[in-house]
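K.L.:
Could you have a look at this structure, given as structure tokens, before my questions?
The values are calculated or read from the model by the stated rules, or taken from the named source; none is laboratory data. Since the structure is predicted, the reported quantities are computational estimates derived from the model, not experimental observations. Virtual Cβ from ideal backbone geometry, glycine too; neighbours counted across all protein chains shown. Heads up: the accessible areas ignore ligands, DNA and RNA and are worked out on the full protein's heavy atoms, side chains in. Shrake-Rupley method; radii C 1.70, N 1.55, O 1.52, S 1.80 Å.
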Amino acid sequence: MNDDGVDFVEFWCVQVGTRAVPGSPLLGLAGLCLGHTARHFGRLSDEALALAESLAESLAARAEAEPTDVDGRAVDGYDDVRSFLHLW
């Protein structure tokens with residue numbers, strides 16, 4: 001991927017992450033992909049960053065209530081976002 005790829009990836013991650021129904025495994029996938037995008041490109045738009053954070057928080061809260069029903073990939077993706085964008 002070249003530097004123009006970040007816009008394409010972010011667009012589709014945001015589309016999937018905002019349109020998928022609650023409980024969909026696509027939410028975890030969108031969060032994970034945003035983490036990979038942050039690692040690869042070293043940046044995310046404000047919208048993509050907010051989505052990654054929202055997905056991680058929402059799924060982490062659900063995991064506490066019912067761990068067998070949650071796709072933890074969004075939480076892993078947000079850990080990557082924080083690490084690679086130095087947001088610790």
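K.L.:
Match the structure shown to one of the listed values [x] 26; [y] 48; [z] 22 of percent of Cα pairs over 21 Å apart, computed from it, and give that label.
P.N.:
[z]
K.L.:
Take the solvent-accessible surface of the protein heavy atoms, probe 1.4 Å, and return the percent of it on region 15-88 that carbon and sulfur atoms account for. Provide the component values of the computation, followed by the final result.
P.N.:
On the way: 2300 of 4250 Å².
The computed percentage sits at 54.
K.L.:
At a threshold of 8 angstrom on Cα-Cα distance, excluding pairs fewer than six apart, so keeping six or more, what relative contact order does the chain reach in percent?
P.N.:
Working: 124 pairs, mean separation 29.6, N = 88.
After rounding, I find 34 percent.
K.L.:
Another question, if that's okay. Students sometimes get this wrong: rank LEU51, LEU87, LEU32 by accessible area, probe 1.4 Å, all chains present, largest first. Don't skip to the answer; put the middle values down first.
P.N.:
Details: LEU51 20, LEU87 80, LEU32 40 Å².
Final ranking, largest accessible area leading: LEU87, LEU32, LEU51.
K.L.:
Working with all protein chains in place, sort VAL9, VAL81 by solvent-accessible area computed with a 1.4 Å probe, largest first. Intermediate values should be presented prior to the final figure.
P.N.:
Details: VAL9 25, VAL81 0 Å².
Of VAL9, VAL81, the descending order of accessible area is VAL9, VAL81.
K.L.:
Quick one: length gained pulling ASP46 to HIS86 fully straight, 0.36 nm per residue minus the C-alpha distance?
P.N.:
Working it through step by step, the gained length comes to 12.9 nm.
K.L.:
Which listed residue (GLY5, PRO25, HIS40) has the Cα farthest towards the positive end of the charge dipole for region 4-50, taking +1 on Lys and Arg C-beta and -1 on Asp and Glu C-beta about the Cα centre?
P.N.:
Going by the Cα projections, it comes out as PRO25.
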